[in-house]
Amino acid sequence: MDVAVDKLRAAIAHDQESATVWDDAVHNVRKGDKNWIDANLGLWMHSYFGHDGGFVLDPKDRPVFSSFQGSLIDNKEFDHLEPAVMPLVSALRFKLRQGVTDELNDRVLSLGVSDLTIFLGRPAVVSIKPIISDSGNIKQVPGEEYLHVAVRLLDGDVLRELADNYMLDGLRFSWTNDSSSKEASIALKTSAGDTLGFLSWRPYRPGSDVVYSMIPTLAAVFLIVMTVLSVLVIAVKRRSLKLVSSEVTIRHLAFHDTLTGLPNRLYFEEVLDREIRRVRNGASSLALLYLDLDRFKQVNDSLGHPAGDELIVQFASRLKLLTASGDIVARVGGDEFTIIAPTGSGQERVETLCMRVVDAMRTPFEINGAHVFVGVSVGVACAPQDGQGRVELTRKADIALYEAKTTGRGRFAIFDERMDSAIQRRRTVERDLREALRTGEQLEAFFQPVYSAADRKLAGVEALMRWIHPASGFIPPDVFIPIAEETGLIEKVGEVVLRQACATAAALGIETVAVNVSAIELRNPGFASRVAATLMAAGLQPSRLELEVTESAIIDISGSTQENITALRELGIEISIDDFGTGFSSLGRLQNLAVDRIKIDRSFITGFGGSGSDEAIVKAIVDLAQAVGLKTTAEGVETPLQEQRLREMGCDHLQGYLLGKPMRSADLEALVGNMELAKANSA
Ligand code: C2E
Ligand code: CA
Ligand code: CA
């Protein structure tokens, strides 16, 4: 566990260097360009690396920029950190003045200090790095650089990540150590030796005790590898690597990933530096591809880590088959890969390569007899045009990757100067959404009617969020929900829609109202009780509420998802699986899911009447669902033919533009009124 915390500290420092070792950063902090600083040193670090706090200190150690979880905050907030941070700042300035170099290597580009501390009453890692030039062209007085302070809280996501990586069950932080408890724990100590608190976990998880018993071994292996690495790095640096036969093996070990046999990050960085030097000499041009598996975490969570490893191995061998002999493929992180591809003949070659990679990863992987759909997103930056330094090129490939991921995944994006502004745009959306949530005026739930297939009677409605922006007009949920999820605003959005949905259902006497719930909301331990409170306030019986969750959310074993689902169902709230069929889980899983209804994704219904197998698939889903006692809804019903077929198949509910579009609650009221009128007339 200590090793894990150390690794985390190193990772945060490494994250920082993506922006602190950069000529632009030196210029812009000197200029005091708040927008630039926020975009690159605040928001970027938060949204991309999950850092919670970001601060910039001027050469006199005064905070000139402060942000917390992606938002600007008053520089006074830095006072909370000051007592813990100032000794670190002095230590760093001392090292900078002394010009210490023995900490630097291929992976650590600048001096730094880090420690554990308390921030806003929560345990945190704080890491400080100087803001320096990457080209070496900007001279600064050593010790008088601007400093970047990164803070990552040691709870929430971080603990979940650690728990996942080390398979620790129930990992949590506590201020005191309960020696009578059966839990295993370690003390978190600051470098001064003060105990901050404790990390504890349940020592034996049924079925995973083997892994648990391996942790000491794993930690030992990790230490050995790290030692070999640092020895090697020094050896390489001094150009005194005398080849003794065993060193060839050690070198291979140090530069290759043991799981896939591919070059690792260290090797990749060395090669990239070498290739960039050739580009600078005008001898070549290259493309740097960053690849990230799209649903790796879900596979790991639902099928287990050995399956995740198997997936990585298969992914790597597909990648090797796709690339040409001059391309360098490396594995640089858990599910992150890179390709360095020479681009002598022009950009087309890169695009073709990207397309082939994205296409090839769309085909499912067979793992333990199950078909697993993952997909990959790719970001590309090219040298010389996008940059002529490793750090800059990597940062731009990263931005392009982020773009590919946030615009739908399973696609590639080639870096473009406008993408820097895309990050700005997302930031604007975030700020405006905060404002919308504060005033509560621009967000309105619309309602789409759902009909019973047998008799076309209104069975209920689904609430769908609409954002009517005062300046930009209508912003579709597909745009703002993902940003709300990234920024943590989704919980507030969720509360708004739930409140409006319950109120409308109660007022209009709608039988059931369905509300979409994001995976992030479900992970919050307080979710179920908040829903119960909202129902109470609206006076709506729990049985009239249905919550729609996605397949991947419901099989997520991290966080409190399962407890929430159980608690909600015990209250009498129905749970349905949204977009069924688009996740990676198989039909066979259906019987194991603790849900009440499945909503068959619109993409299957669209294919009705065509030559594909969509009708057969839907029929199989409906039959199986009936067999295990689940209700079914078909989404996206647009034609009478689709309605007819679905009715024949025995699908329970139908929803789609043919029957009704999402509408304001006033229009829903009119619709309900008309129906009652018609009923009264026919009676
Ligand atoms: P969804 O839950 O699958 O919602 C159904 C989407 O399909 C809606 O798009 C709806 O307008 C659209 N639709 C309904 N019938 C038809 C049809 O016959 N043909 C076609 N082509 N489309 C149809 P919308 O409202 O744009 O919502 C998009 C997605 O945004 C939703 O997909 C849901 O995942 C998410 N979303 C919307 N409101 C919320 C919310 O309040 N909370 C959360 N977490 N997500 C929401
Ligand atoms: Ca839905
Ligand atoms: Ca859906």
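The values are calculated or read from the model by the stated rules, or taken from the named source; none is laboratory data. Computed from a prediction, not measured in an experiment: that's the story for all the values here. Here the Cβ is made from the backbone with ideal geometry for all residues, glycine too, and neighbour counts use every protein chain on show. The accessibility values were calculated without ligands, DNA or RNA, using every heavy atom of the protein model including side chains. Shrake-Rupley method; radii C 1.70, N 1.55, O 1.52, S 1.80 Å.
Output the residue which, of all residues in region 531-558 that are more than 16 Å from ligand 2 (Cβ to nearest atom) and in contact with a Gly (Cβ under 9 Å, 6 or more places away or on another chain), is most open to solvent (accessible area, probe 1.4 Å).
GLN541
What residue, among those in region 326-363 that are in a helix (DSSP H, G or I) and polar (S, T, N, Q), is modelled with the lowest pLDDT? Quick ask: steps written out before the conclusion?
From region 326-363, those in a helix (DSSP H, G or I) are 347-362; that's our starting set.
Filter once more, so that each one left must be polar (S, T, N, Q): 347, 352.
On the way: GLN347: 78, THR352: 92.
Restricting to residues being in a helix (DSSP H, G or I) and polar (S, T, N, Q), the top hit is GLN347.
Return the residue satisfying two criteria in turn: it lies in region 90-114 and is of a type in the set (Val, Ile, Thr) and without any contact (Cβ under 8 Å) to a residue 60 or more places away in the chain, and of such residues it is surrounded by the most Cβ atoms within 10 Å (Cβ to Cβ). Step through it out loud before you land on a result.
If we filter region 90-114 for residues that are of a type in the set (Val, Ile, Thr), which is where we start, we get 100-101, 108, 113.
Filter once more, so that each one left must be without any contact (Cβ under 8 Å) to a residue 60 or more places away in the chain: 100-101, 113.
Numbers: VAL100: 12, THR101: 9, VAL113: 23.
So the residue we want is VAL113.
Which ones in region 655-664 are open to solvent by less than 50 Å² (accessible area, probe 1.4 Å) and more than 34 Å from the chain's Cα centre (by Cα)? Walk me through how you get there before you give the answer.
To start, the set of residues in region 655-664 that are open to solvent by less than 50 Å² (accessible area, probe 1.4 Å) comprises 655-656, 659-660, 662-663.
Passing the criteria: LEU659, GLY660.
Can you name the condition, by its number, that ASP79 falls short on among (1) in a helix (DSSP H, G or I); (2) open to solvent by less than 30 Å² (accessible area, probe 1.4 Å); (3) not aliphatic (A, V, I, L, M)?
ASP79 satisfies all of (1) in a helix (DSSP H, G or I); (2) open to solvent by less than 30 Å² (accessible area, probe 1.4 Å); (3) not aliphatic (A, V, I, L, M) except (2).
What's the number of the condition VAL637 fails, among (1) exposed (fewer than 13 other Cβ atoms within 10 Å of the Cβ); (2) within 16 Å of ligand 1 (Cβ to nearest atom); (3) assigned to a loop (DSSP other than H, G, I, E, B)?
So VAL637 meets the others, but not (1).
Looking only at region 468-521, count every residue that is under 29 Å from GLN298 (Cα atoms), in contact (Cβ under 8 Å) with a residue 60 or more places away in the chain and not in a helix (DSSP H, G or I) and tell me the total.
4
Being open to solvent by 20 Å² or more (accessible area, probe 1.4 Å) and under 16 Å from ASP652 (Cβ atoms) is the requirement here; does GLY610 meet it? Quick ask: steps written out before the conclusion?
On the way: open to solvent by 20 Å² or more (accessible area, probe 1.4 Å): yes; under 16 Å from ASP652 (Cβ atoms): no.
No, not satisfied.
Any idea how many residues of region 647-683 are at pLDDT 95 or above and small (Gly, Ala, Ser)?
6
Output the residues belonging to region 617-634 that are among the charged types (D, E, K, R) and either in a loop (DSSP other than H, G, I, E, B) or under 15 Å from GLY581 (Cβ atoms) (or both). Give the derivation first.
First, pick out the residues of region 617-634 that are among the charged types (D, E, K, R): 619, 623, 631.
Hits for region 617-634 are LYS619, ASP623.
May I ask you to list the residues in region 12-65 that are small (Gly, Ala, Ser) and surrounded by 16 or more Cβ atoms within 10 Å (Cβ to Cβ)? Walk me through it before giving the result.
Let us first name the residues in region 12-65 that are small (Gly, Ala, Ser), namely 13, 18-19, 25, 32, 39, 42, 47, 50, 53-54.
Scanning region 12-65 gives ALA13, SER18, ALA19, ALA25, ALA39, GLY42, SER47, GLY50, GLY53, GLY54.
Looking only at region 524-569, count how many residues are assigned to a loop (DSSP other than H, G, I, E, B) and within 23 Å of GLY170 (Cβ to Cβ). Lay out the reasoning, then the answer.
Residues of region 524-569 assigned to a loop (DSSP other than H, G, I, E, B): 524-526, 539-541, 555-560.
Narrowing the set further to residues that are within 23 Å of GLY170 (Cβ to Cβ) leaves 524-526, 555-560.
Total meeting the criteria: 9.
Filter region 574-594 for residues that are more than 15 Å from ligand 1 (Cβ to nearest atom) and part of a loop (DSSP other than H, G, I, E, B); which is modelled with the highest pLDDT?
Checking each candidate, the answer is ALA594.
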